[in-house]
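One structure, pasted below without further comment.
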Amino acid sequence: MSRRSLLLTALFTLAAFSPLRAMTQEERKQYLAKLQTIIPNVPSFQQWLDKTGEIPPDFDSLPRVNGLPDPLKFLDGRLVRTPLEWKARRAEIQQLFEKYQSGTFPVRPKLDRAVVLDETKGKGYLIRNVRLEFGPGGKGTMRVQVMIPEGKGPFPVLMAPSLAGWGPALLRRGYISAGFAANDGMDDAAALAQLYPDYDFALLPRRGWAAGMVVDYLATLPEVDMKHIGLFGYSRDGKMAAFGAALDDRISAVIPASTGVGGVVPWRLAGERNAGESIETTTRSFPTWFIPRLRFFSGREDRLPIDGNLLIAWIAPRSVLIEYGLNDEVSNTWGDEQAYYSALKVYKLMGQPEKLGLLRVPGFHGSNDQEACIDWLDIQFGRSNRVWDNHLLFPWDLDKWRTNSKETLNLTKYPRQAGNAILSAVASIADWPAKADGIRKSISWMLGEEPAMMPPATGRGGLGRGPAGGSGPAVAGRGGSGRGGPPAVAGRGPATNSNPGQLVPDLVQWVIQRGGTSFGWLQPQASQTTSRSITFGYNVRGDLYYPANTPPGTKLPTVIWLHGYSYPLGYMWVYRSDLHPILALAQAGYAVLAFDQSGFGSRMGETAPFYDRYPHWSQMGRMVEDTRAAIDALEKDSLVDSQKISLFGYSVGGTVGLYTAALDSRVKGVVSISGFTPMRTDVASRGDGGIARYSVERGMMPRLGFFIGHEQQLPYDYNELIATIAPRPALIVEPQLDRDGTPAEVHTAVEEARKIYAMQKADSNLGLYEPWDFTRLPAATQDWIIQWMAKTMK
């Protein structure tokens, strides 16, 4: 290893183990200065910094929790074992939210007056508009509209942050609708910030706090059943609803629908790492939603003491229904479900697990099933005997897999591996082929037993319809310009306006129609790129993108884009203002094959039954199989230079890329961005989740679970895996603030693999790029990667 490499490794190691030492004031100031060079300026945040002089917290003093913070564990690590202890933990959760996200709240004042503005008698109902007056000098006001059905009450109530609420649907079902003015178009809570200058409650939590005044008014109505008060909110109003219920115990049920991050979707399970909205994008685009202090945690979500699962737990044991769209780009299907599992522990402790539920609706953001929500309220309010079915998509359980698969492992057959012992034992290049073959066998064993697949000629795999086989024209729909309306999309017919509740959403077409800065599908690059569909492998469908001006007969170097943890949209990317990697690569002259990996986007339904169907395989194995099948198809494609097929993967896609390149020599080169951290040192105490992330948290590689607590007995690690790719080009991109890994050890692993590259006189083919950044793919990093590819993957 070079002197420079040793020095960098030492510096990274020092940084990795600094939690034993508090950050100094000067270090925290330097961190802020550096952070502000990589994230966009937010004027209101800068004004707050100038006014308060506040600096980031001592991140090293905060527990590192890359998974979800345990609702049944105090911040200092003490466990919650009884309902009485939970009461204290709940108070701590509220204090932490007030410190880091919501701001502080005043004591709710008494309701001074309820001024009836008008009443309208309808057939079977009464509508009453009211102005509530409260607070200092009676200057706080809130407009409310109640719709009360005729008949013998008292009636249950559902509140919503618009005057009309759910009036028609609720009246038909025997509910009172209570709408109040607390949304972007009509926000009576806005003035409360000036009325209570000693409290810093931010916009959305402030609206939630104001919902308590509506409950005060409802308590004066004889028609209201005060034991059964519900609150609904959607999107940003869903965040409001969650805070409103958390703050007022009289709200017995809440439906925070498609809240996105900052509501019930955890920050940790969204963000740039998961191709979604993040602390950085939220606090930049909507700086008034939460207090400015939250922005300090951009990219440092693993140090944030709160998250969406704790917001749900704060409400417990009262009823919560988490509603979201299956392909909801604002929400996160997997994140919503993980928040449910986490908060459920509190409901079980309180003996009321049936009060926490999920409702997954077909479609994108905007999908909402009012009738189903009222069905759930009927159950919670004792008006129905039905049993609610959560229809879980990701019910993974490692212990159940072990029981059902009957797999066991004799760890005595796996000796401890000391450091770089396996690669150090390679004395010359002549020793390497046999050693590499052994490493590949271990990798194949970890991925599981791949089931047999019929060859493409029998109908599985091969090329799809269109130009690939010379049987049809290319379609310029994805980025091309069609005549007389929106462009057509390959294999789908003309584009149409998307219905958020469509039963079979076409994810790609929907994203391309939306376009713009929310998805990185930018102009003019989108118009300069065309695409067509191909199918391959075992019923996998992908899209081949390429420059629209490509001359006939041209063979292009081709990249397979392997997306990250993008559950709702698969290979597309939401809340991305920089150019999508597909378009960036096409601009650089590549053809790019993109497809939803198993368990993501259009293929989320493959997850739940996977191990019932293939108990001895793995989801990671399926992803690698799909990628290799994609290479099969590309080799036969008339547009593709079959000698120049490379892989470009981000987060879990980077992992898939490395595994595929290790096992398939046809891969010309591979780029892995935040794709791994060495496994033998990836222990639970690190706080990043350890190897349990791939075997307990997610069922990516169940056999990896046998090595939890015995990590040094793993038969291979990433240094060896990367070495098997030599001498082919491999670029490892590891941001220095990657919360999914230990950058110092990634650095070491790459340098250890470099020995094998050097033996083959290919040292320059192994690249390592370590930007001072968190886990994301900004334009600067993306451009650097593409330039490296142009120089190295010739």
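One residue is enough: does region 740-760 have a residue meeting the conditions small (Gly, Ala, Ser) and part of a strand (DSSP E or B)?
no
Being within 24 Å of TYR341 (Cα to Cα) and free of Cβ contacts under 8 Å to residues at least 24 places away in the same chain narrows it down to one residue among ALA692, ALA684; which is it?
When all the criteria are applied, what remains is ALA692.
Next question, about the same structure. In this structure, does ARG613 turn out to be on the phi < 0 side of the Ramachandran plot and surrounded by fewer than 22 Cβ atoms within 10 Å (Cβ to Cβ)?
So ARG613 passes the test.
Still on this structure: Of all residues in region 45-67, which are among the acidic types (Asp, Glu), open to solvent by 50 Å² or more (accessible area, probe 1.4 Å) and part of a loop (DSSP other than H, G, I, E, B)?
Once the filter is applied, which keeps residues that are among the acidic types (Asp, Glu), open to solvent by 50 Å² or more (accessible area, probe 1.4 Å) and part of a loop (DSSP other than H, G, I, E, B), region 45-67 yields only GLU54.
Among the helices (runs of 4 or more DSSP H) confined wholly to region 364-440, which include 1 or more residues that are closer than 30 Å to VAL254 by Cβ and open to solvent by less than 80 Å² (accessible area, probe 1.4 Å)?
Correct list: 370-380.
Between GLY165, GLY174, GLY208, GLY212, which is open to solvent by less than 30 Å² (accessible area, probe 1.4 Å), closer than 21 Å to VAL254 by Cα, assigned to a loop (DSSP other than H, G, I, E, B) and out of contact with any Ser or Thr (no Cβ under 7 Å at 6 or more places or on another chain)?
Step by step, each of GLY165, GLY174, GLY208, GLY212 is checked, and only GLY174 is open to solvent by less than 30 Å² (accessible area, probe 1.4 Å), closer than 21 Å to VAL254 by Cα, assigned to a loop (DSSP other than H, G, I, E, B) and out of contact with any Ser or Thr (no Cβ under 7 Å at 6 or more places or on another chain).
Tell me, which residue of region 575-604 that is open to solvent by 10 Å² or more (accessible area, probe 1.4 Å), of a type outside the set (Lys, Arg) and under 17 Å from the mean Cα position of the chain (by Cα) is farthest from PRO778 (Cα to Cα)?
If we take residues in region 575-604 being open to solvent by 10 Å² or more (accessible area, probe 1.4 Å), of a type outside the set (Lys, Arg) and under 17 Å from the mean Cα position of the chain (by Cα), then SER602 is farthest from PRO778 (Cα to Cα).
With LEU321, LEU311 as the choices, which residue is touching a residue at least 12 places away in the same chain (Cβ under 8 Å) and either in a helix (DSSP H, G or I) or open to solvent by 10 Å² or more (accessible area, probe 1.4 Å) (or both)?
Criteria check complete, one pass: LEU311.
Then there is this: Which pairs have Cβ atoms under 7 Å, sit 6 or more apart or on different chains, and link a residue in region 757-771 that is at pLDDT 95 or above and charged (D, E, K, R) to one that is surrounded by 15 or more Cβ atoms within 10 Å (Cβ to Cβ) and not in a helix (DSSP H, G or I)?
Filtered contacts from region 757-771: GLU770/GLU734; GLU770/GLN736.
Name the pairs: first residue in region 362-380 and modelled with pLDDT under 95, second residue in a helix (DSSP H, G or I), Cβ to Cβ under 7 Å, at least 6 apart or on different chains?
The qualifying pairs are PHE364/TRP510.
The values are calculated or read from the model by the stated rules, or taken from the named source; none is laboratory data. As the structure is a computational prediction, the values presented were derived from the model and not from experiment. Note that each Cβ is placed from the backbone with ideal geometry, even for glycine, and that neighbours are counted across all protein chains shown. The accessibility values were calculated without ligands, DNA or RNA, using every heavy atom of the protein model including side chains. Shrake-Rupley method; radii C 1.70, N 1.55, O 1.52, S 1.80 Å.
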